[in-house]
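Following: one structure in structure tokens, then a few remarks.
Quick note: the coordinates plus some simple rules give every number you see, no bench work behind them. All values reported here derive from a predicted model rather than from experimental measurement. For neighbour counting, all protein chains shown are included, and Cβ atoms are generated from backbone atoms with ideal geometry for every residue, glycine included.
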Amino acid sequence: MNGATFRPESELVPWIPLREELMRARDRARIARARSERRPMWVFALLAGPGILVMLGENDGPSMLSYAATGASFGVSFFIPFIVLTFLLAYIVQEMVVRIGIATRRGHAELIVERFGLSWGRFAMADLAIGNLLTLVTEFIAIRAGTAYFGIPPAIAVLGSAALVALAMCTRRYVTWERIVMALAAGNLLFIPAALLAHPDGAAIARTLATWGPLPGGISMAFFTLVLANIGATVTPWMLFFQQSAVVDKGLTHADLTQARVDTGLGAAIAAVVAIGTVIATATLFTHHIDVRTFANGADFATALKPFIGSTGAALFALGMIEAGLVAAMTISTSSAYGVSEVLRARRSLNAGLSSARTFYATGLLSVAVAGAVVLLPHAPLLSISITVNVIATLLMAPALLFVLLLASDGEIMGKLKNSARANAVAGTIVAAIAIVGAVYALTIVVPFFTGGSAG
Amino acid sequence: MTQLPPLPPPRPITGFTRVLLIGLRVYVIIAVPLVAFTFFHTLKP
């Protein structure tokens, strides 16, 4: 061998950066340039995205229905300050996720595998993939209902929106995908003009924010169910997986922590305002004693609102429902793609080429295709799916939150970004409260089956 | 694959974390049949 010494293959083959690394490096260079030019707003504009998207993505079809039902059942009441509180809780949980992503540069599912073993990683993956698939079905139900208000046939609505989700995912550029989804997510704001067209009483809203009252009908089962539904509409497992993976895919570093926190806080604030806007818009149904207990979708609410907020307001409401389903379909399918690829150790990035990250893109696209097909199937068990989605999301929130807390408290991987003892006490209390509330909510749905009642 | 700085190897799971994870395992064993039951029960016409 002419005296040549053996060298491992890894030393002989030069390291060639992957497409996703090149794209990320290009994005980082733009951020570094903006920093060197001392343009803080531009730096924020470049770094914002995961936080705003996760919060507006969670204002999805079922969540907007919960807010609509809340306004129609209780009017301008206790629930308006309560929604502010739930988004504060969401911020506290998601801020931990941001820190974990920045400190470890690993996605949530990947980190669960590394720190707690493959069995917990597989559990997280299965929980995410199944929960997300069923949630995607409910998003397409929301899109179908919203488009039906405008007389668009279901097949065109579902196939068109699925194609849009797929096209956005296949741009092979994280930044492009993010900007497309953010542009669409701006449609979430349509609920605000709809609320203004209801001519809300500003003094009553200010009073309810200050006093946490009134509470028409007192504490009843309907009140309790809506409390739980509103919490379930704000904090769900896919959000944890999505934001941590998006933070990693975007390449955020310690230097970006402040902007990432502002991004998450801004997202929570916008989402809370929209949620409150929805409650205010439908509060007019409460004022006019309209019974909404048989309402099944957004189109029912839009139609009922028409005499009170006009055809423009009702159309804005229906459009908002379409947007809510569409944006959530984009973020939720992406969170499935990240989670499954992380556990299977496959390449995972919205910057990766289609052929080089087959598992990633196949998971995202397949979940959208299956969910869209289910919605179009005649006699599909859509009610079963909608109820099961709530049960899965709320029951499985406890394990997901526990892992967040354990990871955020792990000094070995978190370094300086580790939860302080005080933060752990606050976050631990929130996690315990959300877990208990989630489990109780799931039981309120499941127990009636055992006792022979209706699931509602 | 992407060049990432390695994380420190995980320590053996002991103490409070171990108790939490055992509790979680029990919780999951109860939760999964509940989810399945909900889905299949609501399938009934």
Angle between chain A longest axis and helix A:154-169 axis [Cα atoms, degrees, rounded to 10]: 30
Packing-based ranking, highest mean first, of A:117-125, A:215-223 given that Cβ atoms within 10 Å are counted: A:117-125, A:215-223
At q = 0.19, 0.21 Å⁻¹, base-10 log of I(q)/I(0) for region A:125-235 (Debye sum, equal scatterers on each alpha carbon): -1.26, -1.32
Dipole axis of region A:299-390 (+1 Lys, Arg; -1 Asp, Glu on Cβ), positive-most option in A:Ser367, A:Ile309, A:Val327: A:Ser367
For chain A, convex hull volume per residue from C-alpha positions, Å³: 171
Lys/Arg +1, Asp/Glu -1 at C-beta; region A:32-451 dipole; positive extreme among A:Val447, A:Met221, A:Ala155: A:Ala155
For region A:32-451, size of Cβ-based charge dipole, Lys and Arg +1, Asp and Glu -1, in debye: 1000
Peptide A:433-443, shielding by other chains (average Cβ, 10 Å cutoff): 1
Chain A, relative contact order [Cα under 8 Å, separation at least 6], %: 32
Total charge dipole magnitude, region A:337-443, about the Cα centre, Cβ charges on Lys, Arg, Asp, Glu only, Debye to nearest 20: 280
Radius, Kirkwood style, for chain B when every pair of distinct Cα atoms is counted (Å): 14.2
Chain A, helix-only ellipticity at 222 nm - DSSP H runs n ≥ 4, -39,500 (n - 2.57), divided by all residues, nearest 500: -25500 deg cm²/dmol
Degrees separating the helix A:202-211 axis from the principal Cα axis of chain A, which is the longest one: 70
Packing-based order for A:313-324, A:103-114, A:352-363, using average beta carbon neighbours within 10 Å, highest first: A:313-324, A:103-114, A:352-363
Separation in nanometres of the label points that stand 7 Å from Cα toward Cβ, at A:Ala183 and A:Val292: 3.2
Per-residue HN-Hα couplings for region A:360-373 [Karplus 6.51, -1.76, 1.60; θ = phi - 60°; Hz; x = Gly/Pro]: 4, 5, 4, 4, x, 5, 5, 5, 5, 5, 5, 4, x, 5
Positive-end residue, region A:32-451 charge dipole about Cα centroid, Cβ charges, pick of A:Met169, A:Ile102, A:Thr278: A:Ile102
J(HN,Hα) series, region A:347-359, from Karplus relation 6.51 cos²θ - 1.76 cosθ + 1.60, nearest Hz, glycine and proline x: 5, 9, 5, 6, 8, 7, x, 5, 6, 8, 10, 4, 4
Chain A: angle of helix A:382-395 to the longest principal axis, Cα-based, in degrees nearest 10: 60
